[in-house]
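Remarks on the structure that follows.
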Amino acid sequence: MSQQAAIEAERTAADQDLVQDVVVKARTSFYWAMRLLPAEKRQAMFAVYAFCRVVDDIADGDLPDTAKLRQLQGWREEIDRLYAGTAQHAIARALVGPVRRFDLAGEDFLAIIDGMEMDARGGLLAPPMEELRLYCSRVAGAVGLLSVRIFGAPRDNGRRLADALGEAVQLTNVLRDVAEDAELGRLYLPRELLDKHGVSTTSLAATLRQPRLAAVCDDLAELAEKRFVDASAVLDTMPRRELRPARLILVLYRRLLQRLRQRGFARLDEPVKLSKAEKLWLIVRHGLF
């Protein structure tokens, strides 16, 4: 091996170590799904997740909105460099191999940045349902499109799966984080449901105290459950082994939605999460190990 090749191999290994470290430190439920993959696909998913993590941290950070947007624009330019073969950032360099091997589309990375820009501009505040679904498509559906390419899903069914599962997962996140998002001046619950139940949004603190807000969340939970059903129906038509990670994501997040509904939406200040033991039980129960 030449000295230059040795240097390149050392840098590649360092980049891969960095993205794995990002994933491990995030303690995300997606880590369990990624662990089911063969090494090459697992490393590809680590790189995709690390990209999502870094742009999400920008959008949710403490910098002024203008600085956030400037940094996200920097990532748009880095994605352009990635596809031009001149990636500079370690995470973008870690994506070079996955982009080539799995034919990952640059437009999906850019869609994720589009979603983060929606947050960086102050976040959504009682958006129309159409805008909420666009947001879900960008921050979750686009991630799903990248993921199903890595998993090995057929393109048409893969898109249907990414759309349905991405929306279901993101709506579950919205329902889990209502109180936390309100502290950031955000309210992702759709305007149509708020109006339907007579919930005002003149003050987010007051909004959270309105008893009818629970009915809004119940309606949104119904939509999330419907999208889980849609995703499950698509998964049933696809190879089980290759799509195990997607099945696990569905199982874990659907369980989280069930737990949220069991707690009820009148107690938004009581956090709900799945324990490590419960995640392991779900993996075994559904034969996903």
> Looking only at residues in segment 184-198 that are assigned to a loop (DSSP other than H, G, I, E, B) and modelled with pLDDT of 95 or more, which one is surrounded by the fewest Cβ atoms within 10 Å (Cβ to Cβ)?
Replying inline: 198
>> For segment 272-288, which positions are touching a residue at least 12 places away in the same chain (Cβ under 8 Å) and not acidic (Asp, Glu)?
In response: 272, 273, 274, 279, 282, 283, 286, 288
> Within segment 79-131, restricting attention to residues that are assigned to a helix (DSSP H, G or I), closer than 30 Å to residue 193 by Cα and among the small types (Gly, Ala, Ser), which residue is farthest from the chain's Cα centre (by Cα)?
Replying inline: 120
> If you scan segment 117-140, which residues turn out to be surrounded by 17 or more Cβ atoms within 10 Å (Cβ to Cβ) and closer than 18 Å to residue 219 by Cβ?
Replying inline: 124, 126, 127, 132, 133, 135, 136
> Quick one: is residue 208 over 16 Å from residue 256 (Cα atoms), in a loop (DSSP other than H, G, I, E, B) and touching a residue at least 40 places away in the same chain (Cβ under 8 Å)?
Replying inline: no
> Considering only residues of segment 177-225 that are touching a helix residue (DSSP H, G or I) at 6+ places or on another chain (Cβ under 8 Å) and of a type in the set (Ser, Thr, Tyr), which is nearest to residue 254 (Cα to Cα)?
Replying inline: 188
>> Can you tell me which residue is nearest to residue 121 (Cα to Cα) among those in segment 54-107 that are touching a Leu at 6+ places or on another chain (Cβ under 8 Å) and free of Cβ contacts under 8 Å to residues at least 40 places away in the same chain?
In response: 71
>> Let me spell it out: the conditions are (1) within 30 Å of residue 210 (Cβ to Cβ); (2) touching a residue at least 60 places away in the same chain (Cβ under 8 Å); (3) under 19 Å from the mean Cα position of the chain (by Cα), and residue 255 meets all of them except one. Which number is the exception?
In response: (2)
> Is there a residue being over 29 Å from residue 250 (Cα atoms) and either assigned by TED's automatic domain parsing to the domain that holds residue 164 or not in a helix (DSSP H, G or I) (or both) anywhere in segment 50-61?
Replying inline: no
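The values are calculated or read from the model by the stated rules, or taken from the named source; none is laboratory data. Bear in mind that the values here come from a model prediction, so they are computed numbers and not experimental data. Cβ sites come from the backbone with ideal geometry, for glycine too, and all protein chains shown count toward neighbours.
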